[in-house]
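The values are calculated or read from the model by the stated rules, or taken from the named source; none is laboratory data. Source: prediction; values computed, not measured. Please note: Cβ atoms are built from the backbone with ideal geometry, for glycine as well, and neighbour counts cover all protein chains shown. Just so you know, the surface numbers come from the protein's heavy atoms only, side chains and all, with ligands and any DNA or RNA stripped out. Shrake-Rupley method; radii C 1.70, N 1.55, O 1.52, S 1.80 Å.
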Amino acid sequence: MALHAINVFLATTILPSVIADIGGTELYAWATTVFVFASVLGSTIASAVLGARGPRASYRMAALILGIGTVICALAPTMPVLLIGRLVQGIGGGLLFALCYSMIRISFHEALWPRAMALVSAMWGVATLVGPAIGGVFAELNAWRWSFWILIPIVILFGTWGASRLPAGAYDGTASRIPWVSVGLLAVAVLVISAASISSLLSINVAGLVVAMLLLFAWLNHERKATRRLLPAAAFGPNPRLRLVYLTMSLLVIASTVEVFVPYFGQRLQGLGPLAAGYLGAVMAAGWTAGSILCSGIENRRLLIVAIAPAFSALGLMVLIFTGPVHSGGALAIGGIAIGLLLLGWGVGMAWPHLTTMVLQFVPDEDQGLAGSSVTTVQLTATAFGSAIAGAITNVAGFADTNSIVGVQTAAQWLFGIFTLAALIALATAILTARSTRH
């Protein structure tokens, strides 16, 4: 999980330097969107790979793919080539991501699931320290490519000695065939909205969103009828509680994708260097980690925590509406942004271990393999949609005009404002989730 998360924060930290060096401002959000889109693909094959190859070989395969993508990124002469590298990185990272959740279900007793989920979230906390540090230091030295090269020894160490600590051989309990129709519909939906988000024309972005939503509904309709799915059958049953859990998770993740642009805003509006701007962007993940660890053990108040958690995220985004667009390098503005991001992450983090545990609890034994991987599918798909929507909002608002501070301010204001609505809707669905579960 740390390898996957470090790649996320490293990329968001160095992206302003990458854009300044090789161009491609209009593709800024795609560096994250392509990575997350590919991570969705990687996560969907995790169950089949684990069943066929076992934990040790599966982790080594994921490390190899991640390493190849990292080399491509380090050598990239243009933004499109960098995006190819991010695509390959994402497949390896998504495979690692899903394997983590599958191993929690396989390795631990149910009573330990919330704490295990919290420890997985803690790796995002490790990434908030390591990712921006690696990216920021090399960006400050005008050597952003070395932030990718330095990951290669870590990947090699993980794929050799680290993976050797895991069991060898196949694990038959997770074996499954890949549902290619579902994967295809989901992939095309993400690609459509991502492609439309590049344009600065509102009409193209709206058309892309409409087509992507239609494809998303087609995917869900296929899932409901199919025998090979990405989501458990319980998600389409008469009891709505699992659907509400997935919807709450999706909305919280979408609200959190504003962090993709925080390092850029930090450099352009607050006058921060790459290292400081990278750490500012990582504050949200720090809040997510703290919320997960501190609230994961409160099982007797699980429904209350789930119901109120999105309120913290909504409050954080409201703070960002007023502090994020400010063109000032003052401590007050930067401190306000940090507080907003911390609240945003705290709200997601305090609910996350309980929401993921509820997914595993609401699914019967025969679908437990899908339950673990479905968390990854929902999270990464929501991240891809959120990143693409964020890119569309900022491009339409004038973000791509690199010579205009006003355009960047307007983009920040619209971004934080619209994503506040996602957090408020998440609050409503979280309350409904708690009520449906209680009854």
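Could you look through the range 183-233, keep only residues that are basic (Lys, Arg) and surrounded by fewer than 17 Cβ atoms within 10 Å (Cβ to Cβ), and pick out the one that is farthest from residue 40 (Cα to Cα)?
In this case the residue turns out to be 225.
For residue 350, work out the one condition from (1) touching a residue at least 40 places away in the same chain (Cβ under 8 Å); (2) over 30 Å from residue 192 (Cβ atoms); (3) outside any loop (DSSP other than H, G, I, E, B); (4) open to solvent by 20 Å² or more (accessible area, probe 1.4 Å) it doesn't fulfil.
Exception for residue 350: condition (4).
Could you pull out the residue among 343, 370, 355, 332 that is under 16 Å from residue 310 (Cβ atoms), open to solvent by 10 Å² or more (accessible area, probe 1.4 Å) and in a helix (DSSP H, G or I)?
When all the criteria are applied, what remains is 343.
Of these, 95, 99, 82, which one is open to solvent by less than 10 Å² (accessible area, probe 1.4 Å), among the hydrophobic types (A, V, I, L, M, F, W, C) and under 15 Å from residue 10 (Cβ atoms)?
Matching residue, one of 95, 99, 82: 82.
For the range 387-396, does any single residue satisfy the condition of being modelled with pLDDT of 85 or more and open to solvent by less than 20 Å² (accessible area, probe 1.4 Å)?
yes
Quickly run through the range 234-270 and pick out the residues that are more than 30 Å from residue 28 (Cβ to Cβ), part of a helix (DSSP H, G or I) and open to solvent by 10 Å² or more (accessible area, probe 1.4 Å).
The answer is 234, 236, 241, 243, 244.
Take the range 37-49 and flag every residue that is of a type in the set (Ser, Thr, Tyr) and open to solvent by less than 10 Å² (accessible area, probe 1.4 Å).
Of everything in the range 37-49, those that are of a type in the set (Ser, Thr, Tyr) and open to solvent by less than 10 Å² (accessible area, probe 1.4 Å) turn out to be 39, 43.
Of everything in the range 271-306, what is open to solvent by less than 10 Å² (accessible area, probe 1.4 Å) and not in a helix (DSSP H, G or I)? Give them in sequence order.
282, 296
Any residue in the range 257-281 that is basic (Lys, Arg) sitting within a Cβ distance under 7 Å of a residue that is outside any loop (DSSP other than H, G, I, E, B) and open to solvent by less than 30 Å² (accessible area, probe 1.4 Å)? List the pairs, counting only those 6 or more apart or interchain.
Here the result reads 268/408, each pair linking the range 257-281 to a residue that is outside any loop (DSSP other than H, G, I, E, B) and open to solvent by less than 30 Å² (accessible area, probe 1.4 Å).
I'm trying to understand the selection: among the residues of the range 233-265, which are within 21 Å of the chain's Cα centre (by Cα) and of a type outside the set (A, V, I, L, M)?
243, 246, 248, 250, 256, 257, 259, 261, 263, 264, 265 - these are the residues of the range 233-265 that are within 21 Å of the chain's Cα centre (by Cα) and of a type outside the set (A, V, I, L, M).
For the subset of the range 208-256 comprising residues that are of a type in the set (Val, Ile, Thr) and touching a Leu at 6+ places or on another chain (Cβ under 7 Å), which member is farthest from residue 426 (Cα to Cα)?
245
Can residue 143 be described as touching a Pro at 6+ places or on another chain (Cβ under 9 Å), of a type outside the set (Asp, Glu), part of a loop (DSSP other than H, G, I, E, B) and at negative phi?
It is false that residue 143 is touching a Pro at 6+ places or on another chain (Cβ under 9 Å), of a type outside the set (Asp, Glu), part of a loop (DSSP other than H, G, I, E, B) and at negative phi.
Can you confirm whether the range 176-189 contains a residue that is of a type in the set (Phe, Trp, Tyr) and over 20 Å from the mean Cα position of the chain (by Cα)? Lay out the reasoning, then the answer.
We begin by selecting, within the range 176-189, every residue of a type in the set (Phe, Trp, Tyr); these are 180.
Okay, now just the ones that are also over 20 Å from the mean Cα position of the chain (by Cα), so 180.
Yes, because at least one residue in the range 176-189 is of a type in the set (Phe, Trp, Tyr) and over 20 Å from the mean Cα position of the chain (by Cα).
Would you point out the residue of the range 268-326, among those that are modelled with pLDDT of 90 or more and of a type in the set (Phe, Trp, Tyr), that is farthest from residue 248 (Cα to Cα)?
322
In the set 65, 134, which member is open to solvent by less than 50 Å² (accessible area, probe 1.4 Å), within 18 Å of residue 8 (Cα to Cα), free of Cβ contacts under 8 Å to residues at least 40 places away in the same chain and of a type in the set (A, V, I, L, M, F, W, C)?
Of the residues listed, the single one that is open to solvent by less than 50 Å² (accessible area, probe 1.4 Å), within 18 Å of residue 8 (Cα to Cα), free of Cβ contacts under 8 Å to residues at least 40 places away in the same chain and of a type in the set (A, V, I, L, M, F, W, C) is 65.
Among the residues of the range 1-36, which ones are within 29 Å of residue 373 (Cβ to Cβ), at pLDDT below 80 and open to solvent by 20 Å² or more (accessible area, probe 1.4 Å)?
8, 30
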